[in-house]
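We did not get these values from a lab; they are worked out from the coordinates using the rules stated. Since this is a predicted model, take the numbers as computed values, not measurements. With ideal geometry, Cβ positions are generated from the backbone for all residues, glycine too; neighbour counts draw on all protein chains shown.
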Amino acid sequence: MPVVEAQGLAKSYNGFPAVRDLTLDIEEREIFGLLGPNGSGKTTTILMLLGLTEPSAGSVEICGHDPVRDPISVKRRVGYLPENVGFYDDLTARENLRFVARLNGIRDRDSKRKIDELLSLVGLEEAADRPVRTFSRGMRQRLGIADVLIKDPEFVILDEPTSGIDPEGAIKLLDMIVEMRNSRGMTVMLSSHLLHQVQRVCDRVGIMHRGGIVAQGTIDELGGTDEGEKLELRVRGITPLLLERLRSLDGVSDLQADGERVRLSCTRDVRAQVARAVVEHGAELLELRRPGLALEDIYLRYFQE
Ligand SMILES: Nc1ncnc2c1ncn2[C@@H]1O[C@H](COP(=O)(O)OP(=O)(O)O)[C@@H](O)[C@H]1O
Ligand SMILES: [Mg+2]
């Protein structure tokens, strides 16, 4: 059973369509990334999935429950980290977590061990007894994740979890999210306007643009170009004869050469044949790679408007 099943979701604010005709499935244990520029409708989508705002049209089921008709069941199973998570700034990290545990009906003696475990999971054991007022944005986000995990959710939704965090801190946080999925078997949905971060951790991505999902799939699926595979190589000692040989390889549809750089368009994976041809011609293969994912191109095309 999919964790998220949304069909034809739409939301208008005073006639302005913030989200339109959005269809989305997220499977168990997936890390799904909702990628899109500011204002593309990511937060509105998340609020509809959570039942925090009512869709103007369409239907949603989260873990088999309708968030509009059955918000309690959804709330019990789903952890949500909003873009700007609020804490009691004068309380310590540990006190804030204890407070959340109480709100979730967990008694202090039962929550104690769990809180220690979560503080260490998010790397805040050293700072556990400091008031949250002294925390950086990154530390707050990590505390936010601990907060979300208190009730052992099956599914967590993180809205721009890395926003306002320096790149190094962002990578740490993202790695933590993957680790959390791996060890707890949770399903994760996160939103971001940063392509590279999403690419780093997400199994599947939906690209949002003006309220709709314009492309959806695995990074590999979205990265595949229409014309097939590309290969880029750098060769020392290149000769016209070698270029001719590469061009005529079975599976190579086009070749462009510029100095020691050669770009091939291919209909299949010909890396082994290419490497052999270079070596057989007495040249040296300095580099052989598949160039950057076309996902970037897709994203930029929508982003640049
Ligand atoms: N409560 C609201 N009232 C009116 N317009 C809103 C409201 N929330 C969002 N919007 C508008 O809907 C669009 C999508 O916003 P949002 O879902 O926050 O996008 P994102 O999270 O991708 O930045 C934006 O144009 C935004 O201005
Ligand atoms: Mg948002």
*What is the total of Lys pairs in the chain with C-alpha atoms under 26 Å apart, excluding same-chain pairs fewer than 8 positions apart?*
13
*Quick one: of the DSSP bridges fully inside the chain, what percent are antiparallel, nearest 5?*
65
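By per-residue mean of other Cβ atoms within 10 Å, what is the highest-first order of 145-155, 50-60, 276-286? Before the final figure, lay out each step's value.
Working: 145-155: 20.1, 50-60: 17.1, 276-286: 14.5.
With the highest mean Cβ count within 10 Å placed first, the list reads 145-155, 50-60, 276-286.
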_Theoretical gain in end-to-end length, E154 to D203 [0.36 nm per residue, Cα-Cα removed]_ = 15.9 nm
*With no solvent and one point per C-alpha, what does the Debye sum give as log10 I(q)/I(0) for the chain at q = 0.13 Å⁻¹?*
-0.93
*How much length is gained if the chain between R290 and S12 is pulled fully straight, taking 0.36 nm per residue apart and subtracting their Cα-Cα distance, in nm to one decimal?*
95.9 nm
*Three semi-axes of the equivalent ellipsoid, the stretch 52-118, Cα gyration tensor, whole Å, largest first*: 29, 15, 9
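Rank-order 127-137, 229-239, 201-211 by packing density, defined as the average count of other C-beta atoms within 10 Å over each peptide's residues, highest first.
201-211, 229-239, 127-137
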*Ranked from highest to lowest mean number of other Cβ atoms within 10 Å per residue, what is the order of the peptides 183-193, 249-259?*
183-193, 249-259
*Where does helix 137-149 land angle-wise versus the long Cα axis of the chain, in degrees 0 to 90, nearest 10?*
70
